[in-house]
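To start, the structure itself, in structure tokens.
The values are calculated or read from the model by the stated rules, or taken from the named source; none is laboratory data. These figures come from a predicted structure and were not determined experimentally. Cβ coordinates were reconstructed from backbone atoms using ideal geometry, including for glycine residues, and neighbour counts include every protein chain displayed. Only protein heavy atoms, including side chains, enter the accessible area calculation; ligands, DNA and RNA are left aside. Shrake-Rupley method; radii C 1.70, N 1.55, O 1.52, S 1.80 Å.
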Amino acid sequence: MIAIKKRSPVLLSFVIFSVSPLLMAAPNISSVVRISGTPDRLVISGSNFTDKSVASPLFHFDFENDAVSQTDYSTSTKEIRTNGTLTSETSPTNEGYVLRYRVVDDYRAIAIPKLEMTPPPDRLYVYFHRRYNFSIDDPETWGPRGLNLKVNRFWGQDGNNIYIGYQGTEGTRSGRIFAEYTASGGATWTGSNLPQVKDTWNQNEIIYQASDIDRENGRFDVIRNGNVASSTPHRMRTSSRPSKYSEFYFDQISNGVNDSKNLYIYYDNIYIDNAFNRVFLSNSDNLSDAKDKLIQVPTVWRNDKIEVILNTGNFKENEAFIYIVDANGIANEKGFKICDKDCPVPPSPPESIRAD
């Protein structure tokens, strides 16, 4: 009896240790097949991708082919018609069209109308590129009380919200994340990790998971250009304000702005989904170094097979690696080359437009 009592804890710990890694197994890619067409696709085979109930994202905007609304790959059926104009520009997703929005002195005016999510999701993954042609610390851009810029904001039905914001009078490093009405303390300051930057395209990601009521366990990770700017937990819901966030906004401006200065905000490649599952390309073969990411839009998602619309952006196809993030946010550590031999070569431009 004594021997059994001594061995029993050892056996128990061995069982827990054996099962746990299996439950958290990372996605494993065994093959990638390129299917030429309009558009080109990738078929990715392997294991541990975890299932996804709906393959495509909630919202996807790429602003190509004169599209000022979300693409047909969006599962949200209500048309979201953006404000602004399409202009040709080279963004991180390659040369093409982007949305250009001229800032006006009206707090209700925004480039992208509110994005509504019903039912309110437990989690969201947000990815997009953005550029400002102005700096908020320039007094000439301010209104009567400075320039209060909420660059991204989530709202719930009972008024609770969380935002990433800046105040022009406090400078470009005045960024803060604040769960208004529900935070257990003050704002989380991002400082030099997330400055407001002029004339630079930035790759932005937000990973959100709702908190429990009256608990500071909500996730609101903010990532810029592949670097984590903030990963502090937040209390997003309370007994008096229990709703989950159901609306998402870009660039709300309050306190006025000097719109005579021709202030513009540019957007490209917006991808928002109510799951952590995603596929992206990078020019690095190691996940920890894969800072430069290009999200691929999935059209099929199973535990052992994914199909995506291929978008290589500025990456050379023979130097691009593919990563899969599963439902738990776990990704393959080593990138899988999408093309090793016989890679497609872009056609040479006609003689008439070649640069000498």
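Is the shape of the stretch 282-334 rounded, prolate or oblate, going by the alpha carbon gyration tensor and its root eigenvalues a ≥ b ≥ c, with a/c under 1.5 for rounded and a/b larger than b/c for prolate?
Cα axes put the stretch 282-334 in the oblate bin.
Would you mind calculating the gained length between E89 and N303 on full extension (0.36 nm times residue separation, minus the Cα-Cα distance), in nm to one decimal?
73.3 nm
Could you work out the percent of alpha carbon pairs in the stretch 51-139 separated by over 23 Å, rounded to a whole number?
33 percent
Take the alpha-carbon centre of the stretch 223-299, take the same for the stretch 39-72, and report the distance between them in whole Å.
17 Å
Between S240 and A67, what is 0.36 nm times their sequence separation minus the Cα-Cα distance? Round to one decimal in nm.
Gain on extension, S240 to A67, equals 58.1 nm.
Which residue fluctuates most in the GNM of the chain (Cα springs below 10 Å): D137, D292, D66?
Among D137, D292, D66, the largest mean-square fluctuation in the Gaussian network model of the chain belongs to D66.
Over the chain, average the accessible area per residue using a 1.4 Å probe and give it in Å², no decimals.
49 Å²
Test of understanding: what is the full-extension gain from N255 to R81, defined as 0.36 nm times their sequence separation minus their Cα-Cα distance?
Length gained, N255 through R81: 60.1 nm.
If you put +1 on each Lys and Arg Cβ and -1 on each Asp and Glu Cβ, how big is the dipole of the stretch 186-279 around its Cα centre, in Debye rounded to 20?
220 debye
Please report the projected area of the stretch 136-294's Cα convex hull averaged over all directions, in nm².
10.2 nm²
In Å, what is the Rg of the alpha-carbon atoms in the chain, and how long is Dmax?
Using the Cα atoms of the chain, the pair Rg, Dmax is 22.6, 90 Å.
Mind listing which trypsin sites (Lys or Arg not before Pro) in the stretch 260-329 are in a DSSP loop and have 14 or fewer other Cβ atoms within 10 Å?
Within the stretch 260-329, the qualifying trypsin sites (Lys or Arg not before Pro) (loop, at most 14 other Cβ atoms within 10 Å) are K291, R302, K316.
Could you work out which residue, out of Y101, Y181, Y127, moves most in a Gaussian network model of the chain, that is, has the largest mean-square fluctuation with Cα springs under 10 Å?
Maximum fluctuation in the GNM of the chain, among the listed residues, is at Y181.
Per-residue ellipticity at 222 nm for the chain, helices alone: DSSP H runs ≥ 4 residues times -39500 (n - 2.57), over residue total, nearest 500 deg cm²/dmol?
Per the formula, -2000 deg cm²/dmol.
Carbon and sulfur atoms: what percent of the 1.4 Å accessible area of the chain do they account for?
Exposed carbon and sulfur together represent 49 percent of the surface.
What do you reckon, how do W142, W201 stack up by accessible area (1.4 Å probe), largest on top?
Most to least solvent-accessible, the answer reads W142, W201.
What residue among P144, P27, P120 has the largest mean-square fluctuation in a Gaussian network model of the chain, using Cα springs under 10 Å?
P144
Can you list residues whose amide H is under 5 Å from W142's amide H, if they're 5+ apart or on another chain and H is modeled 1.01 Å from N?
Those lying under 5 Å, H to H, from W142 are N258.
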